Protein chains: 2
Amino acid sequence: MIKKPNELCQKLGLSFNDPKLFIMALTHRSASSNNNERLEFLGDSILGFVVAQKLYELFPEAPEGVLSRLRASLVNQHSLAELARKHQVGDYLLLGSGELKSGGFRRDSILSDAVEAIMGALFKDQGIVVCQQWIEQLFAEQLASLSLENWQKDPKTQLQELMQSKKLSLPDYTLITMSGLAHEQMFKVKCTISLIKDECIGTGISRKRAEQSAAELMLELLNKENK
Amino acid sequence: MIKKPNELCQKLGLSFNDPKLFIMALTHRSASSNNNERLEFLGDSILGFVVAQKLYELFPEAPEGVLSRLRASLVNQHSLAELARKHQVGDYLLLGSGELKSGGFRRDSILSDAVEAIMGALFKDQGIVVCQQWIEQLFAEQLASLSLENWQKDPKTQLQELMQSKKLSLPDYTLITMSGLAHEQMFKVKCTISLIKDECIGTGISRKRAEQSAAELMLELLNKENK
């Protein structure tokens, strides 16, 4: 840790009854067994709930699929890491020497985990109402900038834009099999991206639908892994 | 709907200020555009949070991975459908004629969605505290029966037991590739199950690790799809 946690606490507009909780939230598993992983588990679930509720209120006409996509666009490893950077959270992390040397304080996964852990710590310290208010404040800008345009994007477009935003090569779709008779053909398409090694296989009654399904699985996988 | 929603409300120990919310929670998309899908989105996130918090409290020594696994074992399509059956929720669902004929009121997906939608409706009607209490009560038995034994199970064992509990054939693991020099070999294994068409590909420095990784991805996929 380069700087005092108190400083970060103030920057984030927080004040802890139990400052140990806040320090735990900043502690990566490389630094101590008393680290932020459990708080991150808790914070992740709180964040999911708070954002779901907010979106439910903000978009009373949006169907469930749109709400899910909106949430995935707001809550993912990249967006949380950006929030962490905005508040220089990386400067306050407790990391083991290996992670320190390899620049762990700049890594998306470590930064986003810390943000979620702070949410978990705040919840433990002050309950759901305070935690909810803080999360809504943290996401105020992003929530305000959500537009109907972003809702409707199909999975392939979303995955492509995600890769573009990370300056990575575009997703690759390969037709694996085509089976069935002419009027009931089934397509199987494999989607790969340069971000992770896993392949996602989608199926559908047309090549296009199979690609959309593969892209959707890939988005879910990335979302699950918070990438 | 065969029976009056009021009856179910009482059975579940609930009383709604706005009974329309409860009826919406019982309305499948096949019956009306004013259906339970949005409430299910909301309820799903609340359930995730409530169970995460409860597990965090109940198992202060459990690492994050164990908490995640415990939650996945408690909250999945099958367990929610079982809770729905226990309270005969299927008898009160509003389904379109097609779903009625094909026995939609018995289907795991429809039943579990309705349970989550009821949670969402209760939250909208009475706020998080009441909703949380009700969810904890609903899961009281399962929470009480969680044991350390279940924590430690590796993904392959978990996936196998899941298939066994559904009386399906066991997962299949196929080695796809083995690459690299002798001391740094990399294995790629494909996992398939009879429940869904998707394949999950895991990688690892041994065949066994690759299989565990493939099983873990499959569990995540099933969890994501609530199967």
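Numbers at a glance
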quantity: Protection-proxy order for peptides B:88-99, A:43-54, each taking the mean of Cβ atoms within 10 Å per residue, highest first; calculated: A:43-54, B:88-99
quantity: Sorted by Cβ neighbour density within 10 Å, fewest at the top, the residues A:C191, A:C9, A:C131; calculated: A:C9, A:C131, A:C191
quantity: Net charge of Cβ neighbours under 12 Å - reference B:E40; Lys, Arg +1; Asp, Glu -1; calculated: -3
quantity: Position A:G13, label points 7 Å along Cα→Cβ, spacing to each other copy in nm (shortest first, one decimal); calculated: 3.8
quantity: Cα centroid of the stretch A:165-204 to Cα centroid of the stretch A:8-65, whole Å; calculated: 34
quantity: Point-to-point label distance, A:S15-B:D18, nm (Cα→Cβ direction, 7 Å offset); calculated: 3.6
quantity: Copies compared at A:S206 - label distances in nm, ascending, label defined 7 Å from Cα in the Cβ direction; calculated: 4.8
quantity: Rh by Kirkwood over Cα pairs, then Stokes-Einstein D for the protein assembly as shown at 0.692 mPa s and 37 °C, µm²/s; calculated: 140
quantity: Karplus 3J(HN,Hα) series, Hz, for the stretch A:40-54 with 6.51 cos²θ - 1.76 cosθ + 1.60 (x for Gly, Pro); calculated: 5, 4, 5, x, 4, 6, 5, 4, x, 5, 4, 5, 4, 5, 5
quantity: Sequence of A:D18, A:D108 once ranked by neighbouring C-beta atoms within 10 Å, starting from the fewest; calculated: A:D18, A:D108
quantity: Extension gain (nm, one decimal) between A:K4 and A:D91, 0.36 nm per residue minus Cα-Cα; calculated: 30.4 nm
quantity: Charge tally in the Cβ shell below 13 Å around A:A144, where Lys, Arg are +1 and Asp, Glu are -1, A:A144 excluded; calculated: -1
quantity: Most mobile of B:L175, B:L67, B:L26 in a GNM of chain B (Cα contacts under 10 Å); calculated: B:L175
quantity: Helix-only CD estimate at 222 nm, as mean residue ellipticity for chain A, using -39500 (n - 2.57) per DSSP H run (n ≥ 4); calculated: -18000 deg cm²/dmol
quantity: Entries of A:K190/B:K190; A:K166/A:K197; B:K197/B:K224; A:K188/B:K208; A:K20/A:K101 with Cα pairs more than 19 Å apart; calculated: A:K188/B:K208; A:K20/A:K101
quantity: Shielding by partners, peptide A:33-42 (average Cβ within 10 angstrom, other chains); calculated: 4
quantity: Cut-off under 5 Å, modelled amide H: who pairs with A:L94 long-range; calculated: A:T27, A:H28
quantity: Under the Karplus curve 6.51 cos²θ - 1.76 cosθ + 1.60, θ = phi - 60°, whole-Hz ³J(HN,Hα) for the stretch B:16-27, x wherever Gly or Pro sits; calculated: 9, 5, 10, x, 4, 5, 5, 5, 4, 5, 8, 9
quantity: Segment A:H78-A:S194, length gained on full extension (0.36 nm per residue, minus Cα span); calculated: 40.2 nm
quantity: Neighbour net charge for B:Q88 - beta-carbon separation under 14 angstrom, K R +1, D E -1; calculated: +3
quantity: Cβ-Cβ FRET estimate between A:S32 and B:R209, R0 fixed at 22 Å, reported to 0.05; calculated: 0.25
quantity: Calculated FRET value between B:L181 and A:S145, using beta carbons and R₀ = 45 Å, to 0.05; calculated: 0.35
quantity: Exam field: B:G127 pseudo-label spacings to other copies (7 Å along Cα-Cβ), nanometres; calculated: 0.9
quantity: Closest approach to the axis - chain A beta-carbon, rotation onto B, Å; calculated: A:F49, 2
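No value in this document is a laboratory result; all are computed from the given coordinates. For clarity, every value in this text was computed on a predicted model and none was experimentally measured. Using ideal geometry, Cβ is built from the backbone for each residue, glycine included, and neighbour counts are taken over all protein chains shown.
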